[in-house]
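What follows is a set of notes on a single structure, which appears directly below.
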Amino acid sequence: MALTTKLIMRQGQSLVMTPQLLQAIKLLQFSNLELAAFVQEELERNPLLERAEEAPDPQDRTGEPIGADLGLAQNSDFNEASEADWNSDTFATDRGSLEASLGTELTNTFDEDRAPTPGEHRDLAEGSGLSATSWSGSSSPGGDGEAANIEAYVAAETTLHDHLAAQLVLATSDPVERMIGHALIDAIDEAGYLGDDLAEVAARLGTPIERVETVLAKIQTFDPAGIGARNLAECLAIQLRERDRYDPAMQKLIANLGLFAKRDFVALRKICGVDEEDVMDMIAEVRRLDPKPGRAFGGGSIQPVVPDVIVYALPDGSWQVELNSEVLPRLLVNQSYAAQISRNKSGNDSDKSFVSNCLQTANWLTKSLEQRARTILKVSAEIVRQQDGFFAHGVEYLRPLNLRTIADAIGMHESTVSRVTSNKYMTTPRGLFELKYFFTASIASHNGGDAHSAESVRFRIKQMIDQENASDILSDDAIVARLKQSNIDIARRTVAKYRESLKIPSSVERRREKSMH
């Protein structure tokens, strides 16, 4: 059979993801901090975008804050393509168009035992719930002038490296020792431990290892105590020396941290040559030390977790689910300026093309942000409905839940639900939780019936162990037997895995620890 080349025309269908669609999908999984950074970049890049509180004269802005319909200027040459792009089905990120499926407003209220009905949803245009002016961002500050930038007056954060370098200048005036000291300080990680081998540092600097050890000994006297240690035992020993508590018995205890971790206090008592009361005092002393002294400086500023969704109980026993207006950007599109450029006959084509692209991007962003907000609210409302028992009675009533259940209930794809629940947090009367927390594996019932969530089973195991006494320490097999009495079918290895995830020691180690008290 001869090999030949042919030209064949075939017709087929394929999904083409436009750059706008790809960016809209990214917006779904952005955290509120990432979203704020992205919006700030767009504000700097696009002259037609403005924060709502920054607009000096609302009459000059034909756009509205996110949450209202952002219509395009009617007489612009470039508006038809932009409008068509946003109304097309290619913008959908699931099996149906998100714009068609997300018909709810930004506040969902529902009873405990049923899903929200269409009658319970209020239209945004009526001004109820979280309106366009309330949920889209904070109001503008008072006064005509620009608000003062308080961050400009905040002192720069001192890093661990800078803190140690400043102490090195005071500790020695020898330029060689300072050079060695800076090399050692550069090798200290964020936890405060020295990561490089001293022999390698000495070879790299071309100096005797004894001199490197001398400089390291000076650094180990710096603040915070325990800095520059090469392992945990040395870190604890440095701190104990500073407290004048590093006696021979404590030295033996630090040298046997493995027994300490296993809670073999009987063996430690024999090795240290002290009685039961003394060994417990020594253990308490060690527990008060800082195993990671460098953490006080961190690796940068720590950003607090800000919830994306707020859930609270209503007097009638139902739950109110709202978006947190503080983390939602409030943007305006300056369409009057775009229309002015378009009508300007003296303008060149490149200027009009630039403004056209900016207008299309601005309208895409505002619609994507509104769509993102609606999607987060819809997913969160369904999570609250599915996990109503948890909100009403506690973690024992947390139901097994997966992404498919939520996706099928609200008519979205699993991948969309997964993106929405990533890096999003919900504040509730029971605390602050990541949305992912409510998705737990299913543990089958022993005699049939409803399955149990893995999180509720983990909570039951912790309760059992917390309530045990020294004369009746529960083994993993005993916990399995008790769970079966509660109609929970679980394997012993699963109990061990859950116990270890809760950082609970084994029954042998717990028995040793409680026998000492």
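Points worth noting:
- All helices (runs of 4 or more DSSP H) inside region 453-517 with 2 or more residues being touching a helix residue (DSSP H, G or I) at 6+ places or on another chain (Cβ under 7 Å) and closer than 25 Å to V266 by Cβ: 476-485, 492-501, 507-515
- Number of positions in region 213-265 that are of a type in the set (D, E), at negative phi and not in a helix (DSSP H, G or I): 3
- For region 460-517, a tally of residues being of a type in the set (K, R) and within 24 Å of A284 (Cβ to Cβ) returns 6.
- Pairs, first within 16 Å of G294 (Cα to Cα) and not assigned by TED's automatic domain parsing to the domain that holds D281 in region 229-258, second in a helix (DSSP H, G or I) and of a type in the set (G, A, S), C-beta under 8 Å, six or more apart: none
- Condition met for G206 (in the same structural domain as A284 (by TED's automatic domain parsing) and farther than 30 Å from M282 by Cα): yes
- In region 314-350, residue surrounded by the fewest Cβ atoms within 10 Å (Cβ to Cβ) [restricted to those that are of a type in the set (A, V, I, L, M, F, W, C) and within 16 Å of T428 (Cβ to Cβ)]: L314
- The set of residues from region 8-34 being within 14 Å of S418 (Cβ to Cβ) and either β-branched (V, I, T) or in contact with a strand residue (DSSP E or B) (Cβ under 6 Å, 6 or more places away or on another chain) (or both) comprises just one member, I25.
The values are calculated or read from the model by the stated rules, or taken from the named source; none is laboratory data. Values in this document were obtained by computation on a predicted structure and should not be read as measured data. Using ideal geometry, Cβ is built from the backbone for each residue, glycine included, and neighbour counts are taken over all protein chains shown.
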